[in-house]
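The values are calculated or read from the model by the stated rules, or taken from the named source; none is laboratory data. None of these values were measured; they are calculated from a predicted model. Reconstructed Cβ throughout: ideal geometry from the backbone, glycine too, with neighbour counts over all protein chains shown. The protein model used for the area step is the full one, side chains on, heavy atoms only, and it has no ligands, DNA or RNA in it. Shrake-Rupley method; radii C 1.70, N 1.55, O 1.52, S 1.80 Å.
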Amino acid sequence: MKKQILTSISFAGLILLIILIHSGCEKKTEQPKEEMKTEEDTAYTSSKISPPVVEEKISIPDLKGPWTGTFDKRTTTLTITGQTDSSFTGKISIKYRSVLNQDVEGTFSPANRKLTMSDQLHSHFMGKYNGNLSPDFKNLSGTFIKNSDGSKYSFNLDKK
């Protein structure tokens, strides 16, 4: 009977030993450690993903002064007398049989060089001007549309 108890204890010990060995050999999966990043690393990584946007500053040209040329094939002078950033005021003089004088106000976009202005004095000849400035901002050409009947006239002016 002692032999039987000893065999049972040995057998139980052997099973216990196998369980311990087996549990000790189990592969443990480690959770990946999060890397500590410095601000410098983050900035470098961010700049690789999307480079910083550099806005190009567009300078606003000085449009003040006389512009001479033609309007409906007639001698014309546009004098821009005041300018605040991209808004301006002035006077236009067109030499028909009798000279037509008109006050104008307008705006322009230096980015796309588009200019719009409109007559300020109420008359039958009142209208709106839509034009394009040359890349050097020295020439203005476009179309005038009369408010009363939608008639269109071309103009071409050079800055003096």
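The table that follows gives values for the structure above.
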quantity	calculated
Matching residues in the range 110-133 - criterion: being out of contact with any strand residue (DSSP E or B) (no Cβ under 8 Å at 6 or more places or on another chain) and open to solvent by less than 60 Å² (accessible area, probe 1.4 Å)	PRO110
Subset of the range 142-158 (residues that are in a strand (DSSP E or B) and open to solvent by 40 Å² or more (accessible area, probe 1.4 Å))	THR143, ILE145, LYS152, TYR153, SER154, ASN156, ASP158
Residue within the range 98-119 that is basic (Lys, Arg) and touching a residue at least 24 places away in the same chain (Cβ under 8 Å) present	yes
